[in-house]
1. When you look at Glu254, is it at pLDDT below 95 and under 21 Å from the mean Cα position of the chain (by Cα), yes or no?
2. For the stretch 291-398, list the helices (runs of 4 or more DSSP H) that sit wholly inside it and hold at least 2 residues that are at pLDDT below 80; which are they?
3. Which of the following residues is at pLDDT 95 or above and either surrounded by fewer than 20 Cβ atoms within 10 Å (Cβ to Cβ) or touching an Asp or Glu at 6+ places or on another chain (Cβ under 7 Å) (or both): Asp233, Asp242?
4. Of the residues in the stretch 170-219, how many are farther than 25 Å from Ser244 by Cβ and in contact with a Phe, Trp or Tyr (Cβ under 8 Å, 6 or more places away or on another chain)?
5. Say whether the condition of being in contact with a His (Cβ under 9 Å, 6 or more places away or on another chain), closer than 18 Å to Gln380 by Cα and part of a loop (DSSP other than H, G, I, E, B) is met by at least one residue in the stretch 218-239.
6. Whether any residue in the stretch 131-147 is farther than 24 Å from Ala210 by Cβ and in contact with a His (Cβ under 7 Å, 6 or more places away or on another chain) is what I want to check.
7. Identify the residue in the stretch 342-367 that is free of Cβ contacts under 8 Å to residues at least 12 places away in the same chain and surrounded by fewer than 15 Cβ atoms within 10 Å (Cβ to Cβ) and, among all such residues, is nearest to Asp174 (Cα to Cα).
8. In the stretch 241-256, what residues are farther than 24 Å from Leu131 by Cα and part of a helix (DSSP H, G or I)?
Amino acid sequence: MAEAAFWMVALGLAVAVVAVLARAYRRGPVAAVAGAEDLVIYKDQLAEIDRDLARGTITADEAARLRTEVGRRVLEADRARNAEAPVPQGDSGVGIVGLAGAAVVVLGGAVALYQWLGAPGYPDLPLEARLARIDAGIAARPAQVEELTRLGVPRDPAIIASVTADLARISDPDALREAFATRFQAGDLHGAVLTVDRLLALLGDKAVAADHANRALALVAEAQGYVSPEAEDSLRAALSLDLSNELSRYLVGEMFLQGGRFDQTFRFWRPLVEDGDPNSPWVGLIRERIGTVAELAGVAYDPPALAGPGEGDIAAAAGMSPEDRQAMIEGMVAQLSDRLASEGGTVEEWEQLIRALAVLERLPEAQTIYDEAIVRFEGQPAELSFLRQTAVETGLNP
């Protein structure tokens, strides 16, 4: 019914346009000629010249010049009127056939173009309806257990029972947090989820935002990056306690990104790019994708640039030979390695060192640095996950 109404309206508009064009064609152009009104105006101008001459406001020479100018205009108007050709009426058979042919080509071409580029029969999709449909899809997405089954990594009931029994004997929150970090670091993601569940059950309302965020992180890692409804519940709990929790904001953005709500992803990620901790692993991940997310959200956005080498460093490097430049890079890597070994540093700096060594094809040394970083960040699940991703991307053994 809606499709028929569309075509009726479109056909009616097309017929109306063709009718207007045909009427204009038959009437032809209207000539613009000087009529009697022009002669009356010129006659009044001549009379006004005579009056001014009689009053003495103009001289005889000026009056003669003005009369000559008015007479010249009268002659030009008369010549223009006499030179007008008869107006064609456009009623020849050839003209009508041409007009009809043009109408058929235009209408047929428009229909063919719509059939090719358009979507006949497709219903209207206003913005609110589209967003509501996307939100419904997000709300109906698979649960954690369903996704694990689909991925082929279902939870083993026997292992769950065993781990749950062991955890029931632990009543110290700090011991549970340490056990969670150990399991997460070791890649025992099922056990990590059970451990943080035990921690949250033990703490109740005393759990902090980081505890809920760690549960969400473990669930996402267990589901190989998928943000399930159970992970969303933990993220909501974390943000209700601390709206600035960066890990939670990052994962909420991932959830919306997976569901197609790019506008919401941009809303959660933009503050992290502009005001978040530049050394946190998620900020680096967000910066790599925020441009694409903004484009998908219909937002023109240029993220603030990170601090880089100064103009003097760039100029010095540009003037070096390849050998000297390689030596400079080696020296910078050595300085960073010495500083991290003696003073420590952020996970971002460790990641930079690992990648730099991989680029220099010093993979055994990069593996050693990675193993040391794993020990340094023991008990910090987000940082450990970031380091493992770096190891995979650089060809190391995580």
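The values are calculated or read from the model by the stated rules, or taken from the named source; none is laboratory data. Everything quoted here is computed from the prediction, not taken from an experiment. Every residue, glycine as well, gets a Cβ built from its backbone with ideal geometry; the counts of neighbours run over all protein chains shown.
1. Numbers: at pLDDT below 95: yes; under 21 Å from the mean Cα position of the chain (by Cα): yes.
Here the answer is yes, as Glu254 does meet what is asked.
2. Numbers: elements: 311-318, 322-343, 347-359, 363-376, 381-394.
Answer list for the stretch 291-398: 311-318, 322-343, 347-359, 381-394.
3. Working: Asp242 fails: at pLDDT 95 or above.
Among Asp233, Asp242, only Asp233 is at pLDDT 95 or above and either surrounded by fewer than 20 Cβ atoms within 10 Å (Cβ to Cβ) or touching an Asp or Glu at 6+ places or on another chain (Cβ under 7 Å) (or both).
4. So the answer is 1.
5. no
6. no
7. To start, the set of residues in the stretch 342-367 that are free of Cβ contacts under 8 Å to residues at least 12 places away in the same chain comprises 342-343, 345, 359, 361-362, 364-365.
Now drop any that are not surrounded by fewer than 15 Cβ atoms within 10 Å (Cβ to Cβ), which leaves 342-343, 359, 361, 364.
Values: Ser342: 28, Glu343: 26, Val359: 39, Glu361: 41, Pro364: 35 Å.
Filtering the stretch 342-367 for residues that are free of Cβ contacts under 8 Å to residues at least 12 places away in the same chain and surrounded by fewer than 15 Cβ atoms within 10 Å (Cβ to Cβ), the one nearest to Asp174 (Cα to Cα) comes out as Glu343.
8. Leu241, Glu246, Leu247
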